[in-house]
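Engineer: Dropping a structure here in structure tokens format, bear with me for questions.
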Amino acid sequence: MEELMNILSELHPDVDFEKEERLVEDMILDSFDIVSLISEINEEFDVTITAKDMIPENFNSAKALYALIQRLEDE
Amino acid sequence: MQNNVLNYLKEIVKKCPHKTAYSDGRESLTFGEVYAQTRSVGSYLAGKGIYKKPVVVFMRKSPSEVAAFFGVITGGCFYVPIDEEMPGGRIQLILDNVQSPLVICDRDTIEKAKDFKLGEGQAVLYDEISQGEADETVLENIYKKAIDTDPIYIVFTSGSTGIPKGVAACHRSVIDYVEQLSEILGFGEDTVFGSQTPLYFDACLKEVYSTLKFGATTYLIPKNLFSMPVALVEYLNTHRVNTVCWVVSALTMVSAFGAFETVKPEYLHTIAFGSEVFPIKQLKLWQEALPHAVFTNLYGPTEGTGMCCYYRVEREFADDEVIPIGHPFPNREILLLTEDGKPAPQGGQGEICIRGTSLTLGYYNDPVRTGEAFVQNPLNSAYPELIYRTGDMGRYNEAGELVFVSRKDYQIKHMGHRIELGEIEVNVDMLPEIRMSACIYDTEKSKIVLCYVGDISEKELTVALRSRLPRYMLPNRMLKLDQMPLTANGKLDRITLKQIYEKR
């Protein structure tokens, strides 16, 4: 979780990722952010996030994103 | 002969007034509605005595925004689109440059508009000026008096001094562009566009104007779908989109994440792309998913009105090959010129220069920078003839196709946007904590890297830049250094800087 928080806060140092739960709906993460976020996560965690994982529910909070990473790590 | 873009609208509204012209999936406007609203907006402008003036349009990307553009032209004025995505500082620079008497807003932007110094200008709601009665006599008079070299829009592009440049285009160059482009890509009344680009760049001309020419339909795709590839393709299918002209990064987003394994575009047959190099691997994924579709690479600077060269992909490319820029559209010529204004030798490199009607009018209220880029054709000393120097270096390959080689300066293409690295540096250097800064671009990973010396953390710097630079210009990596590498004669050493970055 800590590595993920580092990646997120490097992307947006001014956002409180512990609290935000509507990152996509509130346009805090835009499409550029999501695409660059995925390449960082794929590299850092050795997982592969694919098109079918790219839905708002998986990116709306740090928690949801971490859950996705864990699911992919288990596969 | 057609000498006014409004002619497209006047003709098509007679033919198919009830057909949908523009839609974002929720809100839609038919050609009849677009026409009626443009007549109201034009009459409102005329009533206010606003004529031959820039009119700022500050609205959410929507069918109404497109109608507002044509309303401004109907009033004999030219539109200047600005957008919430632009940082406040940049919007103010644009407002200061154009000194518009009017800012047309929607309900989402009107409060924000009031935060800016509008000078003599006034902010009004589109909904309130687009429903009034049309004064047909006045509008017909404006239409008759218009000539095809009158401006119709100004769009702003990155400037290395930190001040964006307002490229002004006229009826004639836009008509020429729409006519040539639609023939090359085969647009028609059955075309259903899925528009990706923001409306504040000239990239949207392709869909917005071609829709009027043919009575086609344009879907303005919500921006958030461009990080949701499966939902994006489903959107294309729901609306039966058959034609897209997208930046490369939008196309690769769909293919690289494997969206085609889940869903394929069912109606898409025409795919144009541009602004960046399309990686062959990604192109092949698209071709596999859509074996019967036509793929066309487009190239062109805003100063040449939209795109000016095209290359239809008809042969196989190796993974390390670069797709050529190809050939100029009809009615414009590409000159490859050397530093001293001579034609480049056979097969050699030269600066890509554009000659022809497609040249825009120049940078608005900026004679100095206009004079640097729009120059007398050095191959013609007999009469005045301007060419536009793109700053792009190119050469012809063995097949006689034009190929992009590099930039002469520090302009880059990042996620489909044209960016002067100098503009980022100027904005960084304005912060009091910064002693020196330099930007480099990691082409391989598509990342803007900012190196700086100063008493500010990477985090604080990111926050500070957010209010100064558009989102797409924000550095993706920050490198705080103790000192900048310099060359023997004291200039910034970008080569060493790149090495320092690569070692990290």
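Engineer: Note the direction-averaged projected area, equal to a quarter of the hull surface, for the Cα convex hull of the range B:249-351, in nm².
Structural biologist: Approximately 8.3 nm², given one-decimal rounding.
Engineer: Let me test this: with uniform point scatterers at the alpha carbons of chain B, what is the Debye-based log₁₀ I(q)/I(0) at q = 0.09 1/Å?
Structural biologist: -0.65
Engineer: Any idea what the alpha-carbon Rg over 2.2 N^0.38 Å comes to for the range B:411-503?
Structural biologist: It is 1.02.
Engineer: What does the charge add up to near B:A134, with Lys and Arg as +1, Asp and Glu as -1, over the other residues with Cβ less than 12 Å from its Cβ?
Structural biologist: Summing Lys/Arg as +1 and Asp/Glu as -1 gives -3.
Engineer: OK, next. Compute the Rg/Rh shape ratio of the range B:2-148: radius of gyration over Kirkwood radius, all on alpha-carbon atoms.
Structural biologist: 0.96
Engineer: Another question, if that's okay. Filter B:K281/B:K498; B:K19/B:K145; B:K19/B:K206 down to the pairs with a C-alpha to C-alpha distance above 21 Å, please.
Structural biologist: Long pairs (Cα-Cα over 21 Å): B:K281/B:K498; B:K19/B:K145.
Engineer: Of the cross-linked pairs B:K223/B:K284; B:K342/B:K413; B:K223/B:K447; B:K53/B:K447; B:K117/B:K480; B:K15/B:K52, which ones have a Cα-Cα span greater than 32 Å in the structure shown?
Structural biologist: As for pairs spanning more than 32 Å Cα to Cα, those are B:K53/B:K447; B:K117/B:K480.
Engineer: To check my understanding: the extent here is largest minus smallest coordinate of the Cα atoms along each principal axis. What are those three numbers for the range B:1-43, in Å, largest first?
Structural biologist: Between the extreme Cα coordinates on each principal axis of the range B:1-43 lie 36, 23, 15 Å.
Engineer: A follow-up question, please. Return, for the Cα atoms of the range B:221-408, the radius of gyration and Dmax in Å, separated by a comma.
Structural biologist: Gyration radius and largest Cα-Cα distance of the range B:221-408: 18.9, 61 Å.
Engineer: Same structure again: How many percent of the alpha carbon pairs in the protein assembly as shown exceed a separation of 47 Å?
Structural biologist: Summing the P(r) of the protein assembly as shown above 47 Å gives 11 percent of all pairs.
Engineer: Nearest 500 deg cm²/dmol is fine: what mean residue ellipticity at 222 nm does chain B get from its DSSP H runs of n ≥ 4 alone, each adding -39,500 (n - 2.57), divided by its residue count?
Structural biologist: After summing the helix terms and dividing by the residues of chain B, the value is -9000 deg cm²/dmol.
Engineer: Calculate the mean, over all residues of peptide A:45-56, of how many other protein chain Cβ atoms lie within 10 angstrom of the residue's Cβ.
Structural biologist: Going residue by residue through A:45-56 and averaging, the value is 5.
Engineer: Now a separate question. Within chain A, which is the longest segment containing none of the trypsin sites (Lys or Arg not before Pro) that sit in a DSSP loop and have at most 12 other Cβ atoms within 10 Å?
Structural biologist: By the stated rule (loop sites, at most 12 other Cβ atoms within 10 Å), A:23-75.
Engineer: Over the Cα atoms of the range B:338-448, what radius of gyration and what Dmax do you get, in Å?
Structural biologist: Looking at the range B:338-448, its Cα Rg and Dmax stand at 17.2, 54 Å.
Engineer: Next up: Just need the relative contact order of the range B:207-297 here, percent rounded to a whole number, with Cα pairs under 8 Å and 6+ apart.
Structural biologist: Reported as a whole number, the value is 27 percent.
Engineer: Could you tell me how far the Cα centroid of the range B:285-319 sits from the Cα centroid of the range B:48-126, in Å?
Structural biologist: Spelled out, the Cα-based centre of one part sits 34 Å from the other.
Engineer: Taking Cα atoms of the range B:226-301, Rg/Rh with Kirkwood Rh, to two decimals?
Structural biologist: 0.93
Engineer: OK, next. I need the trypsin sites (Lys or Arg not before Pro) found in the range B:57-108, filtered to DSSP loop residues with at most 11 other beta carbons within 10 Å of theirs.
Structural biologist: B:R107
Engineer: Which of the trypsin sites (Lys or Arg not before Pro) found in the range B:292-338 are in a DSSP loop and have at most 16 neighbouring Cβ atoms, other than their own, within 10 Å?
Structural biologist: Those satisfying the criteria are B:R315.
Engineer: I'd like the chymotrypsin sites (Phe, Trp or Tyr not before Pro) in the range B:251-317 restricted to DSSP loop residues with at most 12 other Cβ atoms within 10 Å, sorted by number.
Structural biologist: Answer in residue order: no site qualifies.
Engineer: Count charges around B:S406 for me, please; just the other residues with Cβ under 13 Å from its Cβ, Lys/Arg as +1, Asp/Glu as -1.
Structural biologist: +1
Engineer: Dividing the alpha-carbon Rg of the range B:144-231 by 2.2 N^0.38 Å yields what?
Structural biologist: 1.27
Read the figures in this text as sums done on the coordinates, not as results from a lab. Every value quoted in this text rests on a predicted model; they were computed, and no experiment measured them. A quick note on method: Cβ atoms are made from the backbone with ideal geometry, for glycine too, and the neighbour counts reach across all protein chains shown.
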